[in-house]
Amino acid sequence: MSKTSSLPFTVDKTENFYDRLGDYVGDVFYDMLPEQGYELRDEQIYMAFQLEQAFKNKRAIFAEAGVGTGKTFVYLLYAICYARHQRKPAIISCADETLIEQLVKKGGDIEKLEEALGLSIDVRLAKAREQYVCVRKLDALANRTDDENVLAVHDQIPDFVFDQGASMKAFERYGDRKEYPWVSNQTWEKIAWDPLQQCSTCEWRHRSGQTLNREYYRHATDLIICSHDFYMEHVWTKESRKREGQMPLLPEASCVVFDEGHLLEFAAQKGLTYRFHADTLTKVLTGYMSQDVREETLYLIEDILTLHEDWFGLLSEKSTIVEGSSRKEVTLTDNLLRMAYTLNEKVQQVLEQLVFDSELFTIDPYHIRIIEEYLEFFSYGLSILLKDDEGIYWLEEAGTDTTLVIMPRLVEDVLKKEVFSQNIPFIFSSATLSQGGDFSHLAGSLGIESYDSFSVSSPFDYERQMAIYGNVDKEDKWSRIRKQLQENEGRSLLLFSSKQEMDLFRSWADKQDWSFRMLYEGDREISETVRKFQLDTSSVLCSYHLWEGLDVPGNALTQVIIASLPFPPHDPVFQAKRKHAANPIESVDKPYMLLRLRQGVGRLIRSSNDKGTIHIWLKPEETNSYQQAIEKVLPVEIKW
């Protein structure tokens, strides 16, 4: 048995695994970690006992533990031991790529655990498809651009990718976003995988970075780390991939840990999202028309193509831009609904014709399957749109490309059936899972009926380590924030509620003189940007995503400035939530803002030695409405 697959303790035939596991974990936290310089924490011991029961009884558990409790060490230790006991990897699902990086980076939690306990942990990353370069897009762009950043990526693609005669033994993993840190987010979108790519018919399919990385992580023995989005994509595509003769995105797991598990519901909605690009149906049906099909079918397809084009034209006409969002809100008029109903009926007729055509053996079976799958996908998405209150929908436009996006409003029934019906432990870990100690709202939104839960507070002395100031935005806010940054000599995280707000600040800041470096999310790969912020201890990091997941202890971060209260955007997703709430402000806007605010405040104190200041900016009208609620959720008294 290899070192990575053996338990770090012995279990003989007369002993119970969970008893021995409990003994080992006790030794780790009471003796082994303190001997390596780690502090003995009562909160950590309590969490370990609670998790032991969840693993033993294969339960779902909400483990709410404050910053500094060492919760990551606890769930990693149990997940690794349980994976080795069950001979199946544990899946650690994180909110985003930043959180994944905190686990696996050099000096991160996994490496620390390995060094402290003498373990060799087999951990592999399963990243979302958007995190890999698309050679098809890259190769086409490289042939017509002078962009040195794009050409540098193209130069780094291994030779075997372009050599059709290369042996599979020469194949190596490549294409991860992190391998090209110099590329901005805007440029990356031009060369990365996107939902419009038809991977099943792509000539690069078996040589693509995501395919080779997928083959690698499937063989993990201890841990597979992925994002919530990727885990949900696995859940929703598992059965369809099996029908197509493909393996599911993730192997069977012994257990699943959801780090920042309160964000799982939105990931589930995204995973069940249907995206209809304006040109895709046209391409699919035009390909069908080029086959040996009957005249009756050709007339039907022509009707669909004409109706589809008119329908998308009307969708664009009836959509409006949403401030602070890339989504355009669509008003579904009676005419749009009638057209959608007719379109769906005609697509169903084509599906019936496909059955007849397949029996004539005049069309290649593979092409029939591709056409059939897309039409079924298209029809099911339309059915959600046509049902009252079941769908959330919006339009996305990029240049001449238009995409209709349809998302289910509620996902608890599907999650209950497809995820939480499995008889395995599910661990939810975060500092912000409950609403005043009540976990029922989160459990209900995820379809979890039976669960265990607990809360432990942070061991940090916030009164000594942190000061919080409330600032009212009366005039010249950017100049006053500039003064706060200068007085702190940089060393700050500046959090914005949206990219648009950050861009407004940046357009102003670019005209100012700064005595320290200003770093902006999106200019480079995110982990590279964070690394520069940590190394340049006088810099300022401006971000709209890093409300959670950022872990920068020490002098590099001694001030957090929250540029505005982080309310949810007025995009279709949150508008749907507001529409179905009796009191949208109390049920949707305020809880979201307070949770986000707690997460942002939590970026400052990451160790018992950290000290610093937090500034929260409010509009004058927000002071009366939210001051009392804000004061209740902060760890220390706010000074106005």
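The values are calculated or read from the model by the stated rules, or taken from the named source; none is laboratory data. Since the structure is predicted, the reported quantities are computational estimates derived from the model, not experimental observations. Every residue, glycine among them, receives a Cβ derived from its backbone with ideal geometry; neighbour counts consider all protein chains shown. We work out accessible area using only protein heavy atoms, side chains counted, and drop any ligands, DNA or RNA first. Shrake-Rupley method; radii C 1.70, N 1.55, O 1.52, S 1.80 Å.
Overview of results
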{"quantity": "Filtered residues of the range 530-549 (kept if open to solvent by less than 20 Å² (accessible area, probe 1.4 Å) and either at pLDDT below 95 or not β-branched (Val, Ile, Thr) (or both))", "calculated": "530, 533, 539, 541, 542, 543, 546, 547, 548, 549"}
{"quantity": "Filter result for the condition that a residue is modelled with pLDDT of 95 or more and within 23 Å of residue 595 (Cβ to Cβ), over 80, 92", "calculated": "92"}
{"quantity": "Within the range 119-166, considering residues that are of a type in the set (S, T, N, Q) and within 30 Å of residue 79 (Cα to Cα), the one surrounded by the most Cβ atoms within 10 Å (Cβ to Cβ)", "calculated": "131"}
{"quantity": "Set 229, 259: member being in contact with an Asp or Glu (Cβ under 9 Å, 6 or more places away or on another chain) and either open to solvent by 10 Å² or more (accessible area, probe 1.4 Å) or in the same structural domain as residue 55 (by the TED database) (or both)", "calculated": "229"}
{"quantity": "Residues that are within 22 Å of residue 327 (Cα to Cα), among the polar types (S, T, N, Q) and open to solvent by less than 50 Å² (accessible area, probe 1.4 Å), drawn from the range 481-504", "calculated": "497, 498"}
{"quantity": "Count of residues meeting criterion [buried (at least 20 other Cβ atoms within 10 Å of the Cβ) and small (Gly, Ala, Ser)] in the range 510-529", "calculated": "0"}
{"quantity": "Every residue from the range 416-439 that is part of a loop (DSSP other than H, G, I, E, B) and without any contact (Cβ under 8 Å) to a residue 12 or more places away in the chain", "calculated": "421, 422, 436"}
{"quantity": "The range 550-570, residues that are open to solvent by less than 10 Å² (accessible area, probe 1.4 Å) and either within 19 Å of the chain's Cα centre (by Cα) or of a type in the set (D, E, K, R) (or both)", "calculated": "550, 566, 568"}
{"quantity": "Hits in the range 32-83 - residues which are among the β-branched types (Val, Ile, Thr) and either assigned to a helix (DSSP H, G or I) or open to solvent by less than 10 Å² (accessible area, probe 1.4 Å) (or both)", "calculated": "45, 61, 69, 72, 74, 80"}
{"quantity": "Residue in the range 354-368 that is under 37 Å from the mean Cα position of the chain (by Cα), at pLDDT below 90, open to solvent by 50 Å² or more (accessible area, probe 1.4 Å) and not aromatic (Phe, Trp, Tyr) present", "calculated": "yes"}
{"quantity": "Any pair with Cβ under 7 angstrom, 6 or more apart, that starts in the range 262-288 at a residue that is at pLDDT 85 or above and ends at one that is among the charged types (D, E, K, R) and crowded, with 20+ Cβ neighbours inside 10 Å", "calculated": "267/229"}
{"quantity": "Flag if residue 350 is of a type in the set (Val, Ile, Thr), in a helix (DSSP H, G or I), free of Cβ contacts under 8 Å to residues at least 12 places away in the same chain and outside the structural domain of residue 447 (by the TED database)", "calculated": "no"}
{"quantity": "Residue among 11, 28 that alone is within 24 Å of residue 221 (Cα to Cα), open to solvent by less than 30 Å² (accessible area, probe 1.4 Å) and out of contact with any strand residue (DSSP E or B) (no Cβ under 6 Å at 6 or more places or on another chain)", "calculated": "28"}
{"quantity": "Some residue of the range 321-332 being part of a helix (DSSP H, G or I), acidic (Asp, Glu) and open to solvent by 40 Å² or more (accessible area, probe 1.4 Å)", "calculated": "no"}
{"quantity": "Restricting the range 84-118 to residues that are assigned to a helix (DSSP H, G or I) and among the hydrophobic types (A, V, I, L, M, F, W, C), the residue that is surrounded by the most Cβ atoms within 10 Å (Cβ to Cβ)", "calculated": "100"}
{"quantity": "Which listed residue, of 455, 450, is open to solvent by 20 Å² or more (accessible area, probe 1.4 Å) and either without any contact (Cβ under 8 Å) to a residue 24 or more places away in the chain or part of a strand (DSSP E or B) (or both)", "calculated": "455"}
